[in-house]
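One structure is given below, encoded as structure tokens.
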Amino acid sequence: MALEKKTLPLYENRQGVLTCQNSRNLRFPPHLHSDLEIIFVESGWLTVCDGDVPYQLFPGDCAVIFPGRIHSFETPEESHSLLALCPVEMAGDFRHGLLRSHPKVPVVPAQKLHRDVAYAMRGIWEISEQGENFSAAKAFVQLVLARVLPCMELTENVGLPMADLTAQVIGWISENYASPISLDILAEQLGVSKYRISRVFGEKLQTSLSDYVNRLRIHQAQSMLHGTDQDVLSICLACGYENPRTFNREFKRICGCTPREYRQRKAGEGIAVHAVDKEW
């Protein structure tokens, strides 16, 4: 089966695309998508929030985020992890459970995790690097689920608000991050008052709208800087910044370096984000 590599932001509509990221110091604000997300920590430690609950992941730990769950990542110090975003179709016989339930605790610690998981996650990464052998990648995803899900207590989604205001806000911004965004625009698009939306950011996401949008845009810029050959100005415009000065200022505030310095550093590390576009 022919496979094609392409770069996509982690929060974009990614139907039919398998992505595996070899991530250093993973950080990402609250978001949701229709994919299955698997995180395996190689070294250091990070925090994953599933809903409002934070969990710490250490070397050898694995977390599985089910489709439609609001989640975020933060690395307080340093971390190295493998992160795979997988269309639920890859889950085979596990697909029904992924769509109808969620784990009470999405993390399986290293001492309870079968060694197959590390092997399978590294296999997914190698396949995403090569851009071929989708059948093997699908088998690896199902191997991870076969070893991880028996270690989790699952809860049925019956009666849960699947599309509450927070999810609607996150979903709309994820699809329109490169366009002008304000409380007034969100209120008009979602049909609610801007005060309710402001409360979502203050009480649920614990950040401001402007900071949330900037972090999504800068994360996309990071992906493009080390996943494409586009010049910095083109990336600036593609990520929703009309002014290069604003782009450089926000990039340095969030990343601690300029976009050009970031690209040079990533080139030296040899780390890239790849996606595998496939036929079903």
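The values are calculated or read from the model by the stated rules, or taken from the named source; none is laboratory data. Fair warning: this is a prediction, and the values are worked out from it, not measured in the lab. All Cβ positions, even for glycine, are placed from backbone atoms using ideal geometry, and neighbour counts span all protein chains on display. Just the protein is used for accessible areas: all its heavy atoms, side chains included, with ligands, DNA and RNA removed. Shrake-Rupley method; radii C 1.70, N 1.55, O 1.52, S 1.80 Å.
Between Leu165 and Asp93, residue separation times 0.36 nm minus the direct Cα-Cα distance comes to 22.8 nm. Across q = 0.25 Å⁻¹, region 231-270 modelled as identical point scatterers on its alpha-carbon atoms has Debye log10 I(q)/I(0) values of -0.82, in the order of the q list. Between Asp52 and Gln111, full extension at 0.36 nm per residue minus the direct alpha carbon distance yields a gain of 18.7 nm. Simple spin-label estimate for Leu154 and Ser179 gives 3.6 nm between the two label positions (7 Å along the Cα-to-Cβ direction from each Cα). With a 1.4 Å probe rolled over the protein heavy atoms of all chains, the accessible area of Tyr177, Tyr55 falls in the order Tyr55, Tyr177, largest first.
Put +1 on the Cβ of every Lys and Arg and -1 on every Asp and Glu Cβ in the chain; which of Leu183, Pro87, Ser101 then has its Cα farthest towards the positive end of the dipole? About the Cα centre, the residue reaching furthest to the positive side is Leu183. Spin-label model, Gln206/Asn25: points 7 Å from Cα along the beta carbon direction are separated by 2.1 nm. Scoring 112-121, 179-188, 24-33 by mean Cβ neighbours within 10 Å over their residues and listing the highest first yields 24-33, 112-121, 179-188. For Rg and Dmax of the Cα atoms in Å, the candidate list reads [x] 18.4, 51; [y] 25.2, 73; [z] 22.2, 76; the entry that matches the value derived from this model is [x]. Computed extension gain for Tyr119 through Ala238, at 0.36 nm per residue and net of the alpha carbon distance, reaches 39.2 nm. For region 115-174, the alpha carbon positions stretch 39, 30, 17 Å along the principal axes, listed from largest to smallest. Scaled to the globular estimate 2.2 N^0.38 Å, the Cα spread of region 120-244, given as radius of gyration, is 1.41.
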